[in-house]
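S.K.: Structure below; questions to follow.
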Amino acid sequence: MPNPKRRHSQQRSAKRRTHYKASAPTLSTDKTSGEIHVRHRAHVSEGNLVYKGQVVVEGFKK
């Protein structure tokens with residue numbers, strides 16, 4: 001496998017990485033309780049684990 005003959009500069013590496021940006025997670029409001037949570041993730045509401053408005057596990061503790 002070919003290897004570079006000379007070292008790449010730090011500036012060249014930084015230019016390549018400029019498009020990698022962190023993005024904020026998408027939030028949704030639960031239809032039943034009205035709580036805000038991360039989309040497509042189960043969340044704790046009133047001591048229960050809830051996903052898509054339905055209780056998955058009752059009495060859930062973190």
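The values are calculated or read from the model by the stated rules, or taken from the named source; none is laboratory data. Nothing here was measured: the structure is a model prediction, and the numbers come from that model. Methodologically, a virtual Cβ is constructed for each residue, glycine included, from the backbone with ideal geometry; neighbour enumeration extends over all protein chains shown. Keep in mind that these areas ignore ligands, DNA and RNA; they rest on the heavy atoms of the full protein, side chains included. Shrake-Rupley method; radii C 1.70, N 1.55, O 1.52, S 1.80 Å.
S.K.: Tally up the residues in region 21-46 that are surrounded by 10 or more Cβ atoms within 10 Å (Cβ to Cβ) and of a type in the set (Gly, Ala, Ser), please.
M.R.: 4
S.K.: Just the residues that are open to solvent by less than 90 Å² (accessible area, probe 1.4 Å) and in contact with a Lys or Arg (Cβ under 9 Å, 6 or more places away or on another chain), please, taken from region 47-62.
M.R.: Those that are open to solvent by less than 90 Å² (accessible area, probe 1.4 Å) and in contact with a Lys or Arg (Cβ under 9 Å, 6 or more places away or on another chain): Gly47, Tyr51, Gly53.
S.K.: Checking the structure you have, find out if any residue of region 6-20 is in a loop (DSSP other than H, G, I, E, B), loosely packed, with under 10 Cβ neighbours inside 10 Å and of a type in the set (Val, Ile, Thr).
M.R.: Yes, region 6-20 contains at least one residue that is in a loop (DSSP other than H, G, I, E, B), loosely packed, with under 10 Cβ neighbours inside 10 Å and of a type in the set (Val, Ile, Thr).
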